[in-house]
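Right, one structure below, let's go through it.
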Amino acid sequence: MYFDLGQGSDYVYYGRTTFHGLHHSDLLNLSSTQQKKLQKEHIHQVFPEYYIIKVNNFDDIAKDSLDEWIYYLKNNQLPEPYTAKGLDKVEAKLKIDAMNAEEKIEYQDYMKNIIVTKSMIETAKFEGKMEERTEANKEFTERLITNTDHDNAKIAKLVGVEEAWVAEIRNNLKG
(Lines give C-alpha, C1' and ligand atoms only; values in the text may rest on other atoms or scores of the structure.)
Protein backbone atom coordinates (compact mmCIF):
# COMPACT_ATOMS: atom_id res chain seq x y z
CA MET A 1 0.00 0.00 0.00
CA TYR A 2 1.26 3.41 -0.90
CA PHE A 3 -1.19 5.17 1.39
CA ASP A 4 -1.46 5.13 5.17
CA LEU A 5 -3.90 2.50 6.38
CA GLY A 6 -4.47 2.48 10.10
CA GLN A 7 -1.98 3.25 12.79
CA GLY A 8 1.22 1.34 13.28
CA SER A 9 4.92 1.83 12.76
CA ASP A 10 5.76 -1.50 11.13
CA TYR A 11 5.82 -1.87 7.36
CA VAL A 12 4.59 -5.49 7.11
CA TYR A 13 1.39 -6.67 8.78
CA TYR A 14 0.01 -10.20 8.76
CA GLY A 15 -3.60 -11.27 9.04
CA ARG A 16 -5.52 -14.51 8.75
CA THR A 17 -9.11 -15.47 8.19
CA THR A 18 -11.33 -16.27 11.16
CA PHE A 19 -15.09 -16.62 11.28
CA HIS A 20 -17.17 -15.37 14.21
CA GLY A 21 -20.83 -16.28 14.68
CA LEU A 22 -23.15 -13.31 14.30
CA HIS A 23 -25.79 -14.63 16.69
CA HIS A 24 -23.87 -16.74 19.20
CA SER A 25 -20.45 -15.05 18.95
CA ASP A 26 -18.77 -18.45 18.67
CA LEU A 27 -15.66 -19.13 16.60
CA LEU A 28 -16.04 -21.46 13.61
CA ASN A 29 -13.64 -24.41 13.84
CA LEU A 30 -12.88 -27.50 11.77
CA SER A 31 -14.51 -30.74 12.86
CA SER A 32 -12.22 -33.66 13.71
CA THR A 33 -13.21 -35.33 10.41
CA GLN A 34 -12.30 -32.18 8.48
CA GLN A 35 -9.02 -31.90 10.39
CA LYS A 36 -8.10 -35.45 9.37
CA LYS A 37 -9.21 -35.01 5.76
CA LEU A 38 -7.61 -31.58 5.24
CA GLN A 39 -4.63 -32.31 7.50
CA LYS A 40 -5.13 -28.91 9.10
CA GLU A 41 -5.82 -28.12 12.73
CA HIS A 42 -7.40 -24.67 12.42
CA ILE A 43 -9.80 -23.10 9.93
CA HIS A 44 -7.44 -20.19 9.30
CA GLN A 45 -5.03 -22.72 7.76
CA VAL A 46 -7.63 -23.46 5.05
CA PHE A 47 -8.50 -19.89 4.07
CA PRO A 48 -6.30 -17.06 2.78
CA GLU A 49 -3.66 -15.27 4.77
CA TYR A 50 -3.11 -11.59 4.17
CA TYR A 51 -0.08 -9.35 4.24
CA ILE A 52 -0.34 -5.59 4.18
CA ILE A 53 2.88 -3.91 3.18
CA LYS A 54 3.05 -0.23 4.06
CA VAL A 55 5.73 0.66 1.55
CA ASN A 56 6.18 4.24 2.79
CA ASN A 57 7.06 2.99 6.29
CA PHE A 58 9.99 0.94 4.94
CA ASP A 59 13.37 2.42 5.95
CA ASP A 60 15.19 1.30 2.74
CA ILE A 61 17.37 -1.16 4.64
CA ALA A 62 16.88 -4.65 3.20
CA LYS A 63 17.47 -7.20 5.95
CA ASP A 64 15.95 -10.23 4.16
CA SER A 65 14.48 -11.27 0.82
CA LEU A 66 11.06 -9.79 1.60
CA ASP A 67 12.74 -6.46 2.37
CA GLU A 68 14.55 -6.66 -0.98
CA TRP A 69 11.19 -6.90 -2.75
CA ILE A 70 9.77 -4.03 -0.66
CA TYR A 71 12.85 -1.96 -1.52
CA TYR A 72 12.12 -2.56 -5.20
CA LEU A 73 8.43 -1.69 -4.78
CA LYS A 74 9.27 1.53 -2.98
CA ASN A 75 12.22 2.70 -5.09
CA ASN A 76 11.62 1.07 -8.49
CA GLN A 77 15.21 -0.14 -8.43
CA LEU A 78 16.95 -3.15 -6.97
CA PRO A 79 18.94 -3.14 -3.74
CA GLU A 80 22.63 -3.91 -4.05
CA PRO A 81 23.33 -6.73 -3.58
CA TYR A 82 20.12 -8.78 -3.73
CA THR A 83 19.41 -12.49 -3.26
CA ALA A 84 15.60 -12.69 -3.31
CA LYS A 85 14.10 -15.23 -5.66
CA GLY A 86 12.59 -13.63 -8.76
CA LEU A 87 14.48 -10.34 -8.58
CA ASP A 88 16.78 -11.55 -11.35
CA LYS A 89 13.75 -11.51 -13.67
CA VAL A 90 12.91 -8.01 -12.48
CA GLU A 91 16.48 -6.93 -13.21
CA ALA A 92 16.24 -8.28 -16.76
CA LYS A 93 12.93 -6.43 -17.28
CA LEU A 94 14.37 -3.21 -15.87
CA LYS A 95 17.30 -3.45 -18.31
CA ILE A 96 14.86 -3.77 -21.21
CA ASP A 97 12.80 -0.85 -19.88
CA ALA A 98 15.97 1.28 -19.69
CA MET A 99 16.78 0.75 -23.40
CA ASN A 100 16.15 3.50 -25.90
CA ALA A 101 13.65 2.87 -28.71
CA GLU A 102 16.25 1.63 -31.22
CA GLU A 103 17.81 -0.78 -28.71
CA LYS A 104 14.37 -2.13 -27.78
CA ILE A 105 13.56 -2.83 -31.44
CA GLU A 106 16.91 -4.62 -31.91
CA TYR A 107 16.33 -6.63 -28.74
CA GLN A 108 12.78 -7.59 -29.76
CA ASP A 109 14.05 -8.68 -33.20
CA TYR A 110 16.76 -10.72 -31.52
CA MET A 111 14.21 -12.42 -29.24
CA LYS A 112 11.90 -13.14 -32.20
CA ASN A 113 14.83 -14.76 -34.03
CA ILE A 114 15.56 -16.95 -31.02
CA ILE A 115 11.92 -18.05 -30.87
CA VAL A 116 11.83 -18.80 -34.61
CA THR A 117 15.11 -20.73 -34.37
CA LYS A 118 13.85 -22.79 -31.43
CA SER A 119 10.63 -23.48 -33.31
CA MET A 120 12.56 -24.62 -36.38
CA ILE A 121 14.71 -26.94 -34.25
CA GLU A 122 11.64 -28.41 -32.54
CA THR A 123 9.93 -28.90 -35.91
CA ALA A 124 13.01 -30.65 -37.29
CA LYS A 125 13.15 -32.91 -34.23
CA PHE A 126 9.43 -33.70 -34.58
CA GLU A 127 9.74 -34.41 -38.29
CA GLY A 128 12.72 -36.67 -37.57
CA LYS A 129 10.64 -38.58 -35.03
CA MET A 130 7.81 -38.83 -37.54
CA GLU A 131 10.24 -40.27 -40.11
CA GLU A 132 11.52 -42.76 -37.53
CA ARG A 133 7.97 -43.66 -36.65
CA THR A 134 7.11 -44.12 -40.34
CA GLU A 135 10.14 -46.35 -40.86
CA ALA A 136 9.26 -48.38 -37.78
CA ASN A 137 5.66 -48.66 -39.00
CA LYS A 138 6.90 -49.82 -42.40
CA GLU A 139 9.12 -52.50 -40.87
CA PHE A 140 6.32 -53.69 -38.58
CA THR A 141 3.85 -53.72 -41.46
CA GLU A 142 6.26 -55.76 -43.58
CA ARG A 143 6.65 -58.31 -40.75
CA LEU A 144 2.87 -58.57 -40.36
CA ILE A 145 2.42 -59.07 -44.10
CA THR A 146 5.17 -61.69 -44.24
CA ASN A 147 4.40 -63.58 -41.02
CA THR A 148 0.60 -63.45 -40.72
CA ASP A 149 -2.40 -64.04 -42.90
CA HIS A 150 -4.01 -60.73 -41.87
CA ASP A 151 -5.62 -58.72 -44.63
CA ASN A 152 -4.70 -55.07 -45.34
CA ALA A 153 -7.57 -53.69 -43.24
CA LYS A 154 -6.52 -55.69 -40.14
CA ILE A 155 -2.85 -54.71 -40.51
CA ALA A 156 -3.77 -51.05 -41.05
CA LYS A 157 -5.81 -51.13 -37.85
CA LEU A 158 -3.00 -52.83 -35.87
CA VAL A 159 -0.30 -50.44 -37.10
CA GLY A 160 -2.49 -47.31 -37.08
CA VAL A 161 -2.01 -46.42 -40.73
CA GLU A 162 -4.15 -46.19 -43.85
CA GLU A 163 -5.14 -49.37 -45.62
CA ALA A 164 -3.85 -48.03 -48.96
CA TRP A 165 -0.39 -47.63 -47.44
CA VAL A 166 -0.42 -51.29 -46.32
CA ALA A 167 -1.54 -52.33 -49.83
CA GLU A 168 1.35 -50.37 -51.36
CA ILE A 169 3.87 -52.08 -49.04
CA ARG A 170 2.34 -55.48 -49.81
CA ASN A 171 2.68 -54.80 -53.56
CA ASN A 172 6.29 -53.70 -53.15
CA LEU A 173 7.08 -56.92 -51.25
CA LYS A 174 5.60 -59.00 -54.09
CA GLY A 175 7.54 -57.08 -56.74
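The values are calculated or read from the model by the stated rules, or taken from the named source; none is laboratory data. It should be emphasised that the depicted structure is a prediction, and the values quoted were computed from it without experimental measurement. Glycine gets a Cβ as well: all are built from the backbone with ideal geometry, and neighbour counts include every protein chain shown. Please note that ligands, DNA and RNA were not included when accessible areas were found on the heavy atoms of the full protein model with its side chains. Shrake-Rupley method; radii C 1.70, N 1.55, O 1.52, S 1.80 Å.
Rounded to the nearest 10 Å², what accessible area does Lys118 have for a 1.4 Å probe in the complete protein model?
For Lys118, the solvent-accessible surface is approximately 130 Å².
Using a 1.4 Å probe over the heavy atoms of the protein chains, calculate the carbon and sulfur portion of the accessible area of the chain as a whole percent.
53
Need the full-extension length gain, Phe47 to Lys125, defined as separation in residues times 0.36 nm minus the C-alpha distance. One decimal, nm.
Full extension from Phe47 to Lys125 adds 23.5 nm.
Amide H of Val12 versus every other amide H placed in the peptide plane: which residues, excluding those fewer than 5 positions away on the same chain, fall under 5 Å?
Answer set, sorted by chain and number: Lys54.
Cα convex hull of segment 109-166: how many Å³ per residue?
Measuring per residue, one finds 67 Å³ for the Cα hull of segment 109-166.
Quick one: in segment 1-105, what % of C-alpha pairs are over 19 Å apart?
Values: 3502 of 5460 pairs.
In whole percent, the long-distance tail amounts to 64.
May I ask you to give the solvent-accessible area per residue for the chain, in square angstrom, as obtained with a 1.4 angstrom probe?
With the other protein chains kept in place, the chain gives 80 Å² per residue.
Given Cα pairs under 8 Å that are at least 6 residues apart, what percent is the relative contact order of the chain?
Result for the chain is 14 percent.
Looking at segment 1-93, which trypsin sites (Lys or Arg not before Pro) are DSSP coil and have at most 16 other C-beta atoms within 10 Å of their C-beta?
Passing both the DSSP loop test and the Cβ count: Lys40, Lys63, Lys85.
Given bins 10 angstrom wide, list per bin the percent of all Cα-Cα distances in the chain, short to long.
Calculated P(r), rounded to whole percents: 8, 16, 13, 13, 13, 14, 14, 8, 2, 0.
Pick from Gly15, Gly86, Gly160: which is most flexible by mean-square fluctuation in a GNM of the chain where alpha carbon atoms under 10 Å apart are linked?
Gly160
Not counting the cut sites, what is the longest span of the chain without GluC sites (Glu not before Pro) that DSSP labels loop and that have at most 13 other Cβ atoms within 10 Å?
My reading of the result: 42-161 is the longest stretch.
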